[in-house]
Each structure stands twice: as structure tokens, then as C-alpha cells.
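Structure first, then comments.
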Amino acid sequence: MIPADLSRAVVHAVRRAVEAGALGGPVPARVVVERTRPGGVGEYASPVALRMGRGADAARVLAGALVLEPGIESVDVTGPGFLNFTLAPLSASALVRDVRTRGERYGCAPARSAAVGGGREQAVRAAVARIREGQGFPRDGGDEPSVAPVARRDGDVLARYGTGAAVWAMLAVPARETPVFGEGLLVQSEENEFFRVRYAHARVRALTRNARDLGFHAEPGEVAQPGAVAQPGDGGATALLRALADHPLALEAAAHHRAPERLARHLVVVADALLDFQHQVLPLGDEKPSAAHRARLALAEAAGAVLAGGLALLGIDAPDSL
């Protein structure tokens with residue numbers, strides 16, 4: 001089970017409990033499941049019982065049903081009614097195959113909303129529309145976030161920094177906050193998150209080209225377990241797998257909260273994990289390409305698809321080289 005499946009499982013459990021009379025109240029159309037905060041219980045958590053106006057008793061009813069679901073190892077109830085989940089280990093090859101099959105659409109349906117040019121409010125509204133459409137949310141207008149404008153002192157940021165960098169700065173902070181601009185947006189360095197995300201995508205393209213020159217291609221395999229804790233000596237594979245598994249949750253949360261900055265932050269996590277892992281992909285010295293190299297390349301290419309799809313939802317291009 002991947003985290004996105006967990007969200008659907010919780011909705012089904014709530015529906016079954018309501019239909020059986022074990023719980024009262026309307027069944028939510030969707031449930032947001034997020035990573036447990038540091039020091040918390042389990043890997044993922046949901047306040048669905050609290051959101052329904054129920055407390056710990058309702059959470060315990062749901063926990064009893066959900067612990068029987070395949071792919072869920074344990075369910076704990078904490079505080080006034082939080083559900084905390086630990087998932088069974090997921091096959092790395094299965095996760096990578098899923099991402100590669102869906103490509104840039106992994107974690108979301110095709111979004112047709114066109115980018116909207118202009119100021120920050122248009123950029124935020126367009127990104128929110130694309131993300132929510134990709135997650136199947138209705139176009140209901142809803143409670144649109146209040147958008148702080150670009151400070152006058154920053155002038156024409158599109159002309160000064162380029163569309164991609166300017167849009168990233170506009171979307172990387174919550175809509176109510178004034179975005180920060182500076183020459184660092186134009187610097188190709190590790191301090192620049194916008195550069196790191198696009199550079200990570202470009203590195204994936206380079207790895208694919210280099211592998212082709214060496215006579216091998218990607219093939220999903222077991223490089224590591226996408227668990228919650230990185231394993232020493234796995235070359236960063238576990239951290240990257242975890243980031244890919246969490247991508248649908250990041251999209252769901254960004255759509256639910258109308259917060260494109262949540263997607264931007266997650267893309268930084270994916271990019272950093274990929275840049276740490278990239279050195280494990282190609283054979284070194286006289287080493288011959290092996291099944292392990294093919295599996296690592298498949299994992300890297302899956303990360304590239306996630307980065308490209310996430311940037312597209314924000315309205316930013318993903319270059320093949322930098």
C-alpha cells in the first residue's frame with residue numbers, strides 16, 4: 001500500500017462504519033493523510049475522526065477496521081482522536097513501476113487548466129487550479145487564499161528574474177506572505193532551491209543519456225525498501241523512495257489546503273534525495289553495468305518524472321540540461 005491508497009482506505013472505512021451504524025455523521029469525500037511529525041507515533045496520521053466532530057471513541061472504531069486492511073501493519077489512536085498508521089514495507093520495484101507507468105501524472109489526473117500570466121495573484125490562482133483539478137477537486141470557487149502582492153520595491157520580477165524563477169519565488173511561500181526576491185534566484189548553486197529542483201531533473205536526463213552510451217537501460221528492481229528511515233550504505237535509495245511514495249500525499253495536501261508551496265517544498269525534498277543518490281547510478285571505473293545499475297537508473301528516472309510533473313503543475317518548465 002502506498003500513502004495515497006491509505007487515504008482512500010480511510011474514506012472507505014468511514015463509509016462502512018457509518019453505514020453499519022457504528023459512526024454517525026456525513027462521510028467525507030476525501031481524507032488528507034500526512035507524514036507523522038517528528039516524535040510522533042507511526043509513519044502517517046489523519047485527524048478524520050476529529051474533523052467529523054467525533055473523538056477518540058470514533059477513532060478507535062476506525063482503527064479496528066483499518067488494521068485489517070492489507071498493507072497496514074498497525075493503527076494507533078493518540079490524543080483526542082488522531083489515527084496513526086504504520087504501513088507494511090513496500091516493494092521498491094512496484095513503486096518505481098507505478099511511477100514510471102504514470103510518468104508525470106503520478107499522483108494526479110491530467111490537469112487541463114492553462115497557465116495564467118500576469119502578477120502573483122494570477123500565478124497562485126493558476127497553480128491552485130491546476131493542482132486541484134489534477135486531484136479531482138470540483139471547480140467550486142471555494143475559499144480562495146488571500147494573496148499578498150509582490151512588493152513594489154521588487155519591480156517587474158518576471159523581466160528581471162525570468163518567468164520560471166519569478167513564479168517559483170511567488171509560489172514557494174504561503175500566498176498570504178510577501179514573496180522574497182533576490183539575485184540568489186539567478187545563481188546556479190546549492191543554496192538556490194529553484195536551481196536545485198530543475199538541476200536534479202536535468203541530471204536524470206544526463207544519467208539516461210550516459211547509460212545509453214554505456215549500453216544499458218532502466219529496469220525496475222529492488223534497490224532498497226521505501227521505509228521511513230534511511231538505511232546506512234544504501235546510497236540514498238531509501239530516502240528517494242520515501243520521497244516518491246509521499247508525492248501523492250503532497251499533491252493531495254496542496255490541493256486540499258490550496259497551498260502550492262506544499263508541492264514546491266516536496267519537490268525540493270525529491271530533488272535533494274535524487275542529487276544525493278545520483279552517484280550510485282552509473283558504473284564506476286571498469287565496473288560493468290548490472291541489474292543493480294538498471295534498477296538505480298529506473299529509480300532516478302521515476303524521480304525525474306515526479307520533478308517534471310510537479311514543476312508543470314506550478315507552471316514552470318523542466319529543462320533537459322542546465
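Couple of notes before you dig in:
- Rel. contact order, % - alpha carbon contacts under 8 angstrom, at least six apart, the chain: 20
- Net charge, residue 178 excluded, C-beta distance under 11 Å - Lys, Arg +1, Asp, Glu -1: +2
- Dipole magnitude of the stretch 53-205, debye to nearest 20 (Cβ charges: Lys/Arg +1, Asp/Glu -1, about Cα centre): 560
- Residues whose amide H comes within less than 5 Å of that of residue 82, counting only those at least five positions distant or on another chain, are absent (H built at 1.01 Å from N in the peptide plane).
- Span-like helix ranges in the chain, DSSP H, alpha carbon extent 18 angstrom or more, Kyte mean at least 0.0: 3-19, 237-256, 260-277, 291-314
- Charge context of residue 30, other residues only, Cβ under 10 angstrom, K/R +1, D/E -1: 0
- Distance between the stretch 130-162 and the stretch 46-95 - C-alpha centres, whole angstrom: 34
Computed from the coordinates by the stated procedures, all read-outs in this text should not be read as laboratory data. Note that the structure is a prediction, hence the values are computed from the model and not measured. Glycine gets a Cβ as well: all are built from the backbone with ideal geometry, and neighbour counts include every protein chain shown.
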